[in-house]
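Structure first, commentary second.
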Amino acid sequence: MNSQKRINALCYIGLTLGSLIVLVPILYMASTSFKSINEIMTSSTVTMFPKTFSLEAYKNVITDYPFFTYLKNSVVISTVATVLAVLFSTLAGYGFSRFQFKGKGMIMMFILVTQMFPAVMLFVPYYKLLTIYGLANSRRGIILVHIASAIPFCSWMMYGFFNSISRELDEAARIDGCSHLKIFWKIIAPLTLPGLISTTIYAFIQSWNEYMFTMLCITSDKMKTLPVAIGQMASYDKIMWNDLMAASLLSSLPVVVMFIFLQRYFISSMTQGAVKG
């Protein structure tokens, strides 16, 4: 028993140290955002906390840059892409889990294989398709790219969650005269709510943080998302580190708030299927 307690204590110490290591860059980012540019440029040593607390960077981000335009673009693109990607992935996961059809294994393997290719390999095909159909430099084009990027992995996630639910529920509902659509909507979908939330979080974060395709496909400044706009705040002649850190901190807040409100569903999804129903 004493040995088990020592092991548990070492595990907690290791997890605490690991958490601190992860939090240090975030703390430094927040600290830098509250420093003035003069303090950053004149300081000869790296300091974790600002000598003089300043909101200069946050004022600059809001007044000197069209921050809210970038925020609006990110919110619209990420929200629409997430909703559609989760909708299609949920239907695909349910179909793969509950139906047997010719070529099922091959299709699932093909979906999985698409995740093995580096994203940079897909840029030319995506860009060519967007250009052909007149979707380049538009929200619709970027939304389609984000949906296509999220669906494969989200489909596999939902497939796993649907598989954890007993098929006896489907059989009992069919005996009562329910159609496949009614079974899915009324019975199975509510039981996979934790998995649905987990998939939504994944899809939203992936879309919110996506940089490469948006940077290359969007040329209009009014269409840029937050990651692209923040990346281009660093110019060749100067880098306003406090502005950059303030914008980065502000851009991370929606994801943090989303996770705080949905974390209980996310944690529940991690343990779903651990006990066989």
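Points worth noting:
- Residue in segment 232-243 that is under 28 Å from Val86 (Cβ atoms), part of a helix (DSSP H, G or I), touching a helix residue (DSSP H, G or I) at 6+ places or on another chain (Cβ under 8 Å) and open to solvent by 60 Å² or more (accessible area, probe 1.4 Å) present: no
- Taking segment 161-171 as the range and being part of a helix (DSSP H, G or I) and open to solvent by 50 Å² or more (accessible area, probe 1.4 Å) as the test, the residues that pass are Asn163, Glu168, Leu169, Glu171.
- Any hit, segment 155-166, residues being in contact with a helix residue (DSSP H, G or I) (Cβ under 9 Å, 6 or more places away or on another chain) and without any contact (Cβ under 8 Å) to a residue 24 or more places away in the chain: no
- Single match in Leu250, Leu196 (criterion: closer than 30 Å to Thr63 by Cα, part of a helix (DSSP H, G or I) and open to solvent by 40 Å² or more (accessible area, probe 1.4 Å)): Leu250
- Among the residues listed as Gly273, Gly231, Gly277, the single one being on the phi > 0 side of the Ramachandran plot and modelled with pLDDT under 90: Gly273
- Subset of segment 98-137 [in a loop (DSSP other than H, G, I, E, B) and surrounded by fewer than 16 Cβ atoms within 10 Å (Cβ to Cβ)]: Phe99, Gln100, Phe101, Lys102, Gly103, Phe117, Pro118, Tyr133, Gly134, Asn137
- Given (1) over 15 Å from the mean Cα position of the chain (by Cα); (2) at pLDDT below 85; (3) among the aromatic types (Phe, Trp, Tyr), index of the condition Phe161 fails: (2)
- Lone unmet requirement of (1) at pLDDT 80 or above; (2) outside any helix (DSSP H, G or I); (3) aliphatic (A, V, I, L, M); (4) closer than 30 Å to Asn163 by Cβ for Met258: (2)
- Filter result for Leu10 (in a helix (DSSP H, G or I), surrounded by 15 or more Cβ atoms within 10 Å (Cβ to Cβ) and either touching a helix residue (DSSP H, G or I) at 6+ places or on another chain (Cβ under 6 Å) or on the phi < 0 side of the Ramachandran plot (or both)): no
- Within segment 22-55, the set of residues being among the aliphatic types (A, V, I, L, M), assigned to a loop (DSSP other than H, G, I, E, B) and open to solvent by 90 Å² or more (accessible area, probe 1.4 Å) comprises Val46, Leu55.
- Where a residue in segment 167-180 is closer than 19 Å to Gln100 by Cβ and its partner, wherever it lies, is assigned to a loop (DSSP other than H, G, I, E, B) and open to solvent by less than 60 Å² (accessible area, probe 1.4 Å), with Cβ under 9 Å and at least six apart: Asp170/Cys178
The values are calculated or read from the model by the stated rules, or taken from the named source; none is laboratory data. These numbers were taken from a predicted model, which means no experiment stands behind them. As a convention, Cβ positions derive from the backbone with ideal geometry for all residues, glycine included, and neighbour counts pool all protein chains shown. Heads up: the accessible areas ignore ligands, DNA and RNA and are worked out on the full protein's heavy atoms, side chains in. Shrake-Rupley method; radii C 1.70, N 1.55, O 1.52, S 1.80 Å.
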